[in-house]
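Only the coordinates and a few stated rules stand behind these numbers; no lab work does. Note that this is a predicted model, so its numbers are computed, not measured.
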Amino acid sequence: MNIADSSDGPEPGQKLTLILRVVSDPARRRILKVLKKKEGPGAPAGLCASDIEEQINLSQPTISHHMAVLVKAGLVHAQKDGQWVWYQRNEKEMRRFISSLRKTL
């Protein structure tokens, strides 16, 4: 399924537009780049907000806001483990986004 042609969500092209808006924020792009590492110390998988905070110098509340936007857009998976939330990039959705962008442009 192509992001630009998704039939189970927004109209064709709207999902691509949403993702473009999400990744247009420089802080979110930095977060996605940091999440490429996939594992933090002692993490089941991914990074927690404090791991991300250390690497990109944003406050924890700011990171939590951006993570909520990235999760809602489908670019990041969040897994709760006790009091911690671990974040991973959704590589499958990232590939769909890039493919749709290439086809659209």
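Quick look at the numbers
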item: Under 5 Å, built H, 5+ apart or other chain: amide partners of VAL76; result: VAL71, ASN90
item: Amide H contacts of TRP86 (H built 1.01 Å from N, under 5 Å, at least 5 apart or other chain); result: GLN79, LYS80, ASP81
item: Additional length obtainable on full extension of the chain from LEU101 to GLN55, 0.36 nm per residue less Cα span; result: 13.7 nm
item: Hz values of 3J(HN,Hα) by residue in segment 66-72 - Karplus curve (6.51, -1.76, 1.60), Gly and Pro given as x; result: 5, 5, 4, 5, 5, 5, 4
